[in-house]
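Student: Mind looking over this structure? Questions follow.
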Amino acid sequence: MSHARPVRSVETVDLTKAFGGVLALDHATVSFRPGKVNALIGPNGSGKTTYLNCITGMIKPDSGRVTYRGRDITGRPPHRIARAGLGRTFQLCRVFGRMTVLDNVLAAARGRPDVERARQWLRRVGIDHVEQVEARNLSYGQQKLLELAGVLMSDPETVLLDEPAGGVNPALIERIADLVRELNAEGKTFIIVEHNMDLVMSLSDHVVVFDRGRPIAEGPPDVIRSDERVLGAYLGV
Amino acid sequence: MGRTTTRRLLVARVARAVGLLALAFVILWFPAAAPNPYILSAAVMVLNYAVLATSWNFVGGFTGYISLGHGALAGLGGYATGLLITKAGFSSFVALATAALVVAALAVPLGFAALRARGASFVIVSIALVLILLLVFQGWASLTGGSRGLVVPRPFPDLLRPEHHEVFYFLFAALLGLVLLSWWLVDRSRFGLGLKAIREDEDKAESLGIPTFAYKLVVFVVSALFTALAGGLYALWFGDLDPVFQFSILSGSYVVLMSLLGGVRHLFGPLLGAVVVGVALEYFKVAYGDTPLHLVASGLLLGVVVMFMPDGVIPTVAGLARRFLHPPEASIREVSAAELEEARR
């Protein structure tokens with residue numbers, strides 16, 4: 001599925017969200033590169049997942065603005081944002097446990113459920129041999145692949161992955177990385193939240209580093225690697 | 001697909017067709033075989049329960065929202081039917097259809113408010129609906145007759161009692177067929193797939209682009225429509241409505257018990273549950289009269305079902321049968337790198 005490459009992707013201006021007294025996002029102003037593999041990194045509790053939830057409408061920000069391809073999507077319901085072309089996976093992989101693998105993918109279809117297309121995505125992520133199995137009976141790695149196939153079935157222009165390598169064996173990490181590269185080459189934009197630095201450095205074109213709810217650095221991986229603020233944030237210096 | 005799989009599918013399809021024919025035959029043959037009018041009237045009650053439970057299962061089975069308030073939707077259907085006949089002069093079946101549409105329309109604001117709550121909160125909201133309506137219908141005596149009840153004129157005044165039961169037996173059977181067919185159609189549709197996704201993980205469904213609130217609301221209205229039809233038909237059959245019975249949490253709970261017992265993920269689950277629980281309720285009433293023993297029995301039954309057969313009787317028995325007929329095949333393992341490599345070729 002090809003899309004005309006947009007000029008702008010996800011952008012946020014002064015995005016702020018507090019949970020009680022904890023400021024999870026503190027005037028976060030970020031713009032992600034369209035057509036690229038963007039990475040969002042930062043220490044635990046730096047606000048990455050809250051940020052992702054605010055973009056995708058799962059959480060309403062207290063203030064600030066989210067735009068996608070130049071359109072304001074702040075506070076829209078998640079399904080509208082998904083339909084605008086932003087697909088996401090979850091940190092702790094979420095699948096429809098008591099539905100078959102094939103139905104999991106079909107549920108994400110736009111318009112009429114196209115079984116052939118669903119099978120193509122399952123084949124592409126490598127789990128088409130278990131299409132009639134209930135998703136709860138899959139291994140964790142297979143569930144991660146299934147979640148990815150589901151999101152891709154919804155035909156997003158931009159894919160947000162929340163820790164795609166978390167709890168997954170090295171061979172599968174490599175498989176997921178290859179998929180991201182292939183899909184990126186086909187025109188999809190990626191925004192990846194990830195703790196695995198090897199993966200981030202080898203996969204991404206553009207890295208944004210969060211600390212205490214706001215970006216502290218951004219740039220290409222090799223620049224980020226040697227940025228002192230980043231090292232400071234990670235090492236607690 | 002392997003040849004054995006194809007054959008197994010064919011066997012399953014033939015078995016299903018035979019089962020359906022047998023079910024239809026039993027339902028159509030029963031009135032002729034019923035030994036007396038009492039048994040026939042008990043069968044009408046069971047069919048009424050079956051329609052209510054299957055209608056409830058549009059919400060409970062597909063979306064996983066457990067409503068204890070469906071008894072009240074049936075009560076509304078009954079009262080609306082009765083009032084349209086007695087106060088507005090509608091003919092019986094026009095009143096029935098109009099009442100169902102009115103309740104469906106009422107279900108839009110009700111669902112709009114109730115479906116914002118999830119899990120236990122939704123259950124409590126649905127209970128509140130029953131209690132509020134009970135107070136309204138008891139208090140508003142000038143319209144509803146209050147605690148004295150509302151007498152609903154019979155649609156066929158010339159019929160004798162046994163014939164009256166027989167006519168309503170077939171009317172309920174036809175309604176049951178319609179409700180089952182509708183549930184089956186939704187189950188196979190894209191809409192049904194979205195509803196089941198809501199049951200599994202509502203936030204995830206929403207993130208995949210499914211407008212979950214709209215889906216829930218639509219299916220709630222459909223469920224209310226069929227529930228009101230059952231309530232209205234009951235009013236025409238029974239001829240007398242009392243708020244205490246029409247707006248009771250107990251009747252809503254029975255419907256939930258029936259559905260859970262039979263199995264909410266299965267088309268015929270609520271029907272099976274209605275037959276088991278409905279027959280048991282009638283038996284307890286006859287054998288133990290006015291003692292609250294039937295309440296104790298249904299409470300125990302609910303406990304046993306939730307503890308030992310959370311998926312209901314049909315899936316549990318089917319699972320056991322499958323284990324006997326086809327010993328488990330190799331379980332699913334973690335995919336190795338080699339297998340992934342293989343799968344990619």
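The values are calculated or read from the model by the stated rules, or taken from the named source; none is laboratory data. On a predicted model such as this, the values are computed, not experimentally measured, just so you know. Cβ sites come from the backbone with ideal geometry, for glycine too, and all protein chains shown count toward neighbours.
Student: Taking the condition over 25 Å from B:L131 (Cα atoms), aromatic (F, W, Y) and crowded, with 17+ Cβ neighbours inside 10 Å, does B:F90 pass? Walk me through how you get there before you give the answer.
Tutor: Working: over 25 Å from B:L131 (Cα atoms): yes; aromatic (F, W, Y): yes; crowded, with 17+ Cβ neighbours inside 10 Å: yes.
So B:F90 fits the description; yes.
Student: Pick out, from segment B:178-252, the helices (runs of 4 or more DSSP H) lying fully within it that include 3 or more residues that are surrounded by fewer than 24 Cβ atoms within 10 Å (Cβ to Cβ), of a type in the set (A, V, I, L, M) and modelled with pLDDT of 95 or more. Steps first, please.
Tutor: Working: elements: B:190-200, B:202-207, B:212-238, B:243-246.
Helices (runs of 4 or more DSSP H) meeting the threshold: B:212-238.
Student: Here's another thing I want to ask about it. For segment A:79-95, check the following and say yes or no: at least one residue is in a strand (DSSP E or B), more than 17 Å from the chain's Cα centre (by Cα) and within 11 Å of chain B (Cβ to nearest Cβ).
Tutor: First pass over segment A:79-95, keeping only residues in a strand (DSSP E or B): A:86-88.
So of that shortlist, the ones also more than 17 Å from the chain's Cα centre (by Cα) come out as none.
No.
Student: Of everything in segment A:101-130, what is hydrophobic (A, V, I, L, M, F, W, C), at the interface with chain B (Cβ under 7 Å from one of its Cβ atoms) and outside any helix (DSSP H, G or I)? Give them in sequence order. Reasoning before the result, please.
Tutor: Taking segment A:101-130 first, the residues hydrophobic (A, V, I, L, M, F, W, C) are A:101-102, A:105-109, A:115, A:118, A:121-122, A:125, A:127, A:130.
Still in the list and also at the interface with chain B (Cβ under 7 Å from one of its Cβ atoms): A:106-108, A:130.
Those that are hydrophobic (A, V, I, L, M, F, W, C), at the interface with chain B (Cβ under 7 Å from one of its Cβ atoms) and outside any helix (DSSP H, G or I): A:A107, A:A108.
Student: Just to verify a result, which residue in segment B:202-254, among those that are within 14 Å of another protein chain (Cβ to nearest Cβ) and of a type in the set (G, A, S), is nearest to B:L131 (Cα to Cα)? Break it down stepwise before answering.
Tutor: If we filter segment B:202-254 for residues that are within 14 Å of another protein chain (Cβ to nearest Cβ), which is where we start, we get B:202-217.
Now drop any that are not of a type in the set (G, A, S), which leaves B:205, B:207, B:209, B:214.
On the way: B:A205: 33, B:S207: 36, B:G209: 36, B:A214: 26 Å.
Per the criteria, the residue is B:A214.
Student: Within segment A:90-148, count every residue that is out of contact with any Asp or Glu (no Cβ under 7 Å at 6 or more places or on another chain), free of Cβ contacts under 8 Å to residues at least 40 places away in the same chain and not hydrophobic (A, V, I, L, M, F, W, C).
Tutor: Of the residues in segment A:90-148, 16 are out of contact with any Asp or Glu (no Cβ under 7 Å at 6 or more places or on another chain), free of Cβ contacts under 8 Å to residues at least 40 places away in the same chain and not hydrophobic (A, V, I, L, M, F, W, C).
Student: Tally the residues that are of a type in the set (D, E, K, R) and either under 16 Å from B:P31 (Cα atoms) or buried (at least 21 other Cβ atoms within 10 Å of the Cβ) (or both), restricting the search to segment B:124-177.
Tutor: Qualifying residue count for the region: 3.
Student: For segment B:53-65, does any single residue satisfy the condition of being touching a Lys or Arg at 6+ places or on another chain (Cβ under 9 Å) and of a type in the set (G, A, S)?
Tutor: Looking for residues that are touching a Lys or Arg at 6+ places or on another chain (Cβ under 9 Å) and of a type in the set (G, A, S), one finds at least one in segment B:53-65, hence yes.
Student: Here is a follow-up. Just name the residue that is surrounded by the most Cβ atoms within 10 Å (Cβ to Cβ) out of those in segment A:17-58 that are assigned to a loop (DSSP other than H, G, I, E, B) and touching a Pro at 6+ places or on another chain (Cβ under 7 Å).
Tutor: Of all residues in segment A:17-58, those assigned to a loop (DSSP other than H, G, I, E, B) come to A:20-21, A:32-36, A:42-47, A:56-58.
Now restrict to residues that are touching a Pro at 6+ places or on another chain (Cβ under 7 Å): A:34, A:56-58.
Details: A:P34: 17, A:T56: 22, A:G57: 24, A:M58: 18.
Top of the filtered list is A:G57.
Student: Looking at this structure, is A:R88 surrounded by 15 or more Cβ atoms within 10 Å (Cβ to Cβ), basic (K, R) and farther than 28 Å from A:L199 by Cα?
Tutor: Values: surrounded by 15 or more Cβ atoms within 10 Å (Cβ to Cβ): yes; basic (K, R): yes; farther than 28 Å from A:L199 by Cα: no.
Judged against the criteria, A:R88 is not a match.
Each row is one residue, and each column tells you yes or no for (1) in a strand (DSSP E or B); (2) within 24 Å of A:R124 (Cα to Cα).
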{"residue": "A:L148", "(1), (2)": "no, yes"}
{"residue": "A:A171", "(1), (2)": "no, yes"}
{"residue": "A:N184", "(1), (2)": "no, yes"}
{"residue": "A:I192", "(1), (2)": "yes, yes"}
{"residue": "A:V200", "(1), (2)": "no, yes"}
{"residue": "A:G232", "(1), (2)": "no, no"}
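Student: Please go through segment B:35-64 and give me each residue that is touching a Leu at 6+ places or on another chain (Cβ under 7 Å) and under 20 Å from B:L193 (Cα atoms), ordered by number.
Tutor: Within segment B:35-64, B:T54, B:F62, B:T63 qualify.
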